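The structure appears right after this line, and notes come after that.
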């Protein structure tokens, strides 16, 4: 029995090992790690393996994390923790993220198989070839791959009515990534789609349908509630969400930046074209031909469901680039489901159920070569050519991720050198005023000897003390005041006293001097600040005792 199951799932194992090998080779070609936050999670994995879950985080001295640390991604770095014993954090992180990437690919392939698609290998290759930016994002030592895998499993659980699986996925998502909020959202979407496709547009029938689909909503919400309560950081994990509810907006954070729609199309042109063609074919054309009436049959709900997830994710990506993690897999899933459905209903194939009225075979016509053998050979050659092309594009996408990651190597080396200086020349637990909160992950990775003012997210500093936050934001601009706008800034000669009294620090770290010229002018003009380190646009200033 085991042998039969193994034979039946050999393709899943092949997808896993091919994905792991390709991604791991790519990771080995990267000198350090991809992105700033990757350094944070690699170090957290090491510390968690040594000390267990942290309840305090003194390395962020002026934030709410100092005394009430909450690991929103603790499942992710806990899974990395056993690998940290290898002694090489870079290698451990690269093995771990390659494993998670392979797991995501295997889940995607598994979902394709569960819908009885005939060409899952082709659609999997399209998934890899679709978007260089997507693969680059998956290279971060962050829970992106596992988050995508769980959302795909939630999709499968909803469509196949696997409520226990939905409960487990919802529960684990809370431990993994804040994107868990998407699961009840898509569960509600599935409820609406299910009612529509069963002709329950009237209120009474719709409410009856709500009762039928209520278990899916209940299971998804129950999993999330359990994940929040059965949590090593409870109840602080609830308080951390409040941190995001107030204060200024921080759209300067890279992951919250919008992406130009032209850039999105340029990143994934083949996928966008296929998505547009199938969406137009299945929805727009029938609507225009049938007096704006769309008939969706029960067996084709997954196609509509994947479309209605992919489209909002695509639109959201134009407003916030982190949604690229979700629009790509669900767009490929829609293209796969819709594409194979159309192939099944072309005239030269056997007839079957139709997705919408009118039949697709009456809309698209192709000239078919005479003779079954000639058709089979032509189809095989075309299929093989496309597979080779998608494989080549996938390899090129992985190279793109590697090259882009190595572009930041110089910045990493600058911070590493400064962090080593801090370890050798400053007292343990002394506080460093880091002018760029985004430098924290690398400073923390290379130097836990010191504490720092800000990191992870500016909101954590703001929630700890709005006054300190505005002092921080204005000091790095060379101004002194505790408001968003400095109408009458304090005299620059008070900079020393403010930094000392508000932040209790003896050192100022500037990772890129060209961005802080106004602050540097003040430091140079005040003898109480002494430059003690300078290398490659990076400076460290010491405050006199």
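Taken together, the values in this text are just the output of simple stated rules run on the coordinates, not laboratory data. Everything quoted here is computed from the prediction, not taken from an experiment. Quick reminder, even Gly has a Cβ in these numbers, built from the backbone with ideal geometry, and neighbours come from all protein chains shown.
Numbers below:
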{"item": "Residues residue 164 and residue 234, FRET efficiency given R0 of 25 Å [Cβ-Cβ distance, rounded to 0.05]", "result": "0.60"}
{"item": "Label point at residue 498 placed 7 Å out along Cα→Cβ; residues across segment 44-65 whose backbone nitrogen lies under 18 Å", "result": "62"}
{"item": "Cα centroid of segment 425-448 to Cα centroid of segment 9-41, whole Å", "result": "29"}
{"item": "Average silhouette area of segment 410-543, convex hull of alpha-carbon atoms, in square nanometres", "result": "7.5"}
{"item": "Whole-number percent relative contact order across segment 410-543, with pairs defined as alpha carbons under 8 Å at least 6 apart", "result": "24"}
{"item": "For segment 101-151, the Rg and Dmax computed from alpha carbons only, in angstrom", "result": "11.2, 34"}
{"item": "Per-q log10 I(q)/I(0), segment 1-111, q = 0.10 Å⁻¹ (Debye; single scatterer per alpha-carbon; no solvent)", "result": "-0.39"}
{"item": "Among 38-46, 220-228, the order from most to least packed when residues are scored by Cβ within 10 Å on average", "result": "38-46, 220-228"}
{"item": "Residues of segment 119-135 with amide N under 18 Å of a point placed 7 Å along Cα→Cβ from residue 343", "result": "119-130"}
{"item": "Highest to lowest packing among 514-524, 318-328, scored as the average C-beta count within 10 Å", "result": "318-328, 514-524"}
